[in-house]
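Q: Dropping a structure here in structure tokens format, bear with me for questions.
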Amino acid sequence: MATAAGRPIPKYKRVFEALQHEIRSGRLKSGQRLPSEADLVGRFGASRITVGRAVRDLQLAGLVDRRVGSGTYVRAAPAPGGLSFGLLIPDLGETEIFESICQGMMASPLAREHALVWGSVTSVASSKEERAWRLCRQYIDRRVAGVFFAPLELTPDKDQVNRRIAQALDDAGIPIVLLDRTVLPYPDRGHHDLVGIDNRRAGYLITEHLLRLGSRRIAFVSLPNAAATVDARAAGYREALNAWHEPAAREFVSCIDPADSNRVRRLMKSRRPEAIVCANDWTAARLMHTILELGYHVPEDVRLVGIDDLDYAGLLPVPLTTLRQPTREIGAAAFAAMLDRVARPDEPPRDILLQTRLIVRRSCGAPAP
């Protein structure tokens with residue numbers, strides 16, 4: 001099976017869509033236990049990893065509950081009078097923080113009588129931008145009570161697409177709670193509630209940690225076309241350097257593919273950084289592999305830090321020092337913010353920013369506490 005653009009649909013998506021159809025059609029009823037993982041492996045001719053990811057996505061979509069030691073069960077329909085909220089997260093499954101944020105939403109006691117809706121349009125949409133727009137239209141047609149929106153990033157048209165989606169939902173009278181990032185690039189604020197972290201403070205704190213360790217030639221690395229959160233982290237990085245009377249030279253800030261060995265080699269030879277602040281753990285992980293492949297050592301030749309504390313941060317070749325985002329708590333706070341917005345639509349927009357925590361590992365050269 002292939003998409004309209006001729007690309008094959010990932011096998012886990014085919015398993016997910018088949019099970020989703022059985023649940024929505026009533027073939028698998030509320031409270032019914034799903035077939036075991038072994039049965040699903042045999043039925044679909046897929047690996048356990050593939051089946052496990054499909055079932056995990058069913059859970060993220062609010063269709064099933066996984067009970068430790070018991071199995072996976074079709075989730076009960078929302079109580080009468082419960083509301084349905086759409087998840088519009090184009091990077092779900094690609095950017096790891098959003099899975100944990102969604103789990104935090106579903107675990108919130110406030111969510112028990114409501115439903116989280118995750119549309120699926122992979123088989124007919126050819127790009128991330130098109131998938132996001134189709135999901136937006138789907139939620140408008142379904143008249144959901146609100147949408148949790150994590151705006152697009154890492155695409156040249158992200159700002160245009162994000163504005164289009166937000167405007168369409170506004171025109172339909174559907175409240176939006178933003179996850180992690182704003183629709184509009186800085187310094188524009190927009191008029192939607194935002195739940196995340198103070199990214200400028202995060203950039204400052206992780207840079208100051210390197211300064212306290214004695215580093216002075218500190219670079220900042222991010223991907224091109226990143227979200228506004230990355231701009232805020234870069235601003236915090238520059239602010240920390242200025243506070244320590246270390247001028248933040250423009251040439252020390254790089255927007256590159258961290259897996260591009262030629263670009264990374266030029267950065268290391270021309271700037272000779274003592275340390276590198278990465279915009280997030282995803283960038284740090286790929287940059288670390290490239291640096292090691294080029295023959296440098298972390299942290300002996302260059303210290304490396306990130307922001308997020310993803311599950312694999314401590315499992316990298318050199319465990320990564322990073323700032324931990326409280327992702328599950330962000331999900332719970334976002335759900336509470338949505339219910340407040342539905343109840344009081346005329347309240348001023350809010351930024352709800354949760355605290356980060358420094359996690360010290362070997363990549364920064366400091367002894368772990």
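The values are calculated or read from the model by the stated rules, or taken from the named source; none is laboratory data. Computed from a prediction, not measured in an experiment: that's the story for all the values here. Here Cβ is always computed from backbone atoms with ideal geometry, including for glycine, and neighbour counts include all displayed protein chains. Note: accessible area is taken over every heavy atom of the protein model, side chains too, but ligands, DNA and RNA are not part of it. Shrake-Rupley method; radii C 1.70, N 1.55, O 1.52, S 1.80 Å.
Q: Per residue of the stretch 208-216, in order, report the coupling 6.51 cos²θ - 1.76 cosθ + 1.60 (Karplus, θ = phi - 60°) as ³J(HN,Hα) in whole Hz, putting x for Gly and Pro.
A: Result, rounded to whole Hz: 4, 4, 5, 4, 5, 7, x, 6, 10.
Q: For the stretch 111-199, rounded, prolate or oblate, judged on the Cα gyration tensor with a ≥ b ≥ c (square roots of eigenvalues), a/c < 1.5 rounded, else prolate if a/b > b/c?
A: In terms of gyration-tensor shape, oblate.
Q: How large is the accessible surface per residue of the stretch 16-161, computed with a 1.4 Å probe and reported in Å² as a whole number?
A: 45
Q: Here is a follow-up. Please give the Cα centre distance for the stretch 6-57 versus the stretch 143-198, rounded to the nearest Å.
A: 31
Q: Per residue, what volume in Å³ does the convex hull of the Cα atoms of the stretch 275-369 enclose?
A: 103
Q: With Rg and the Kirkwood Rh both taken from Cα atoms, where does Rg over Rh land for the stretch 141-265?
A: Taking Rg over the Kirkwood Rh, I get 1.07.
Q: Here is a follow-up. With a/c under 1.5 counting as rounded, go ahead and sort the stretch 180-243 into rounded, prolate or oblate using the C-alpha gyration tensor (a ≥ b ≥ c being the square roots of the eigenvalues; past the cut-off, prolate if a/b is larger than b/c, else oblate).
A: prolate
Q: Moving on to the next point. Using the crude model of +1 on Lys and Arg Cβ and -1 on Asp and Glu Cβ, and no other charge, please compute the dipole size for the stretch 58-212 relative to its Cα centre, in debye to 20.
A: With Lys and Arg at +1 and Asp and Glu at -1, about 300 debye.
Q: OK, next. Hey, if we sort Cys255, Cys364 by accessible area with the 1.4 Å probe, largest down, what's the order?
A: Listed by decreasing accessible area, they come as Cys255, Cys364.
Q: On to the next question. Could you tell me what percent of the accessible area of the chain is made up of carbon and sulfur, with a 1.4 Å probe and every protein chain present?
A: Carbon and sulfur together cover 49 percent of it.
Q: Another one. Using modelled backbone amide H atoms (1.01 Å from N, in-plane), which distant-in-sequence or interchain residues come within less than 5 Å of Ala115's amide H?
A: For Ala115, the qualifying residues are Leu83, Ser84, Phe85.
Q: Given H placed 1.01 Å from N in the peptide plane, which residues other than close sequence neighbours of Gln325 have an amide H under 5 Å from its amide H?
A: Here the answer is Asp308, Asp309, since their amide H atoms fall under 5 Å of that of Gln325.
Q: Taking the Cα centre of the chain as origin, work out the dipole magnitude from +1 charges on Lys and Arg Cβ and -1 charges on Asp and Glu Cβ, in debye rounded to 20.
A: Here the chain has a charge dipole of around 720 debye.
Q: For a test of understanding, tell me how many lysine pairs in the chain have Cα atoms under 27 Å apart, given they are 8 or more places apart or on different chains.
A: For the chain, the number of qualifying lysine pairs is 6.
Q: Ok, one more. Work out the P(r) tail for the chain: percent of alpha carbon pairs separated by more than 29 Å, whole number.
A: It works out to 46 percent of all Cα pairs.
Q: Whole-Hz Karplus ³J(HN,Hα) for the stretch 69-74, in order, using 6.51 cos²θ - 1.76 cosθ + 1.60 and θ = phi - 60°, x for Gly and Pro?
A: x, 10, x, 10, 10, 5
Q: Something else now. Quick check: from the Cα gyration tensor, does the stretch 182-341 come out rounded (a/c under 1.5), prolate or oblate?
A: It is prolate, given that a/c is not under 1.5 and a/b is the larger ratio.
Q: Compute the accessible area per residue over the stretch 196-302, keeping the other protein chains in place, probe 1.4 Å, unit Å².
A: 45
Q: Got a sec to turn the phi values of the stretch 248-261 into Karplus ³J(HN,Hα) couplings, 6.51 cos²θ - 1.76 cosθ + 1.60 with θ = phi - 60°, whole Hz, x for Gly and Pro?
A: 8, 6, 4, 5, 8, 9, 10, 9, 9, 7, x, 8, 7, 5
Q: Going toward the positive end of the dipole of the chain, with +1 on Lys and Arg Cβ and -1 on Asp and Glu Cβ, which of Ala234, Leu354, Phe16 do you reach last?
A: So the residue we want is Phe16.
Q: Let me ask something else about it. With the dipole of the stretch 73-215 worked out from charges on the C-beta (+1 for Lys and Arg, -1 for Asp and Glu) around the Cα centre, which of Asn162, Leu135, Ala172 lies farthest toward the positive end?
A: Highest projection toward the positive end goes to Ala172.
Q: Just to confirm a number: summing +1 for Lys and Arg and -1 for Asp and Glu over residues other than Trp244 whose beta-carbon lies under 13 angstrom from that of Trp244, what do you get?
A: With Lys, Arg at +1 and Asp, Glu at -1, the neighbours total +1.
Q: Out of Gln32, Gln325, Met106, whose Cα points farthest toward the positive end of the dipole of the chain (charges: +1 Lys, Arg; -1 Asp, Glu; placed on Cβ)?
A: Working it through, the farthest residue towards the positive pole turns out to be Gln32.
Q: Roughly how big is the stretch 152-285's charge dipole about its Cα centre, with Cβ charges of +1 (Lys, Arg) and -1 (Asp, Glu), in debye to the nearest 20?
A: I would put it at about 760 debye.
Q: Something else about it: Give me, ordered by chain and number, the residues 5 or more places off Ile9 or on other chains with an amide H under 5 Å from its own placed amide H.
A: Ala2, Thr3
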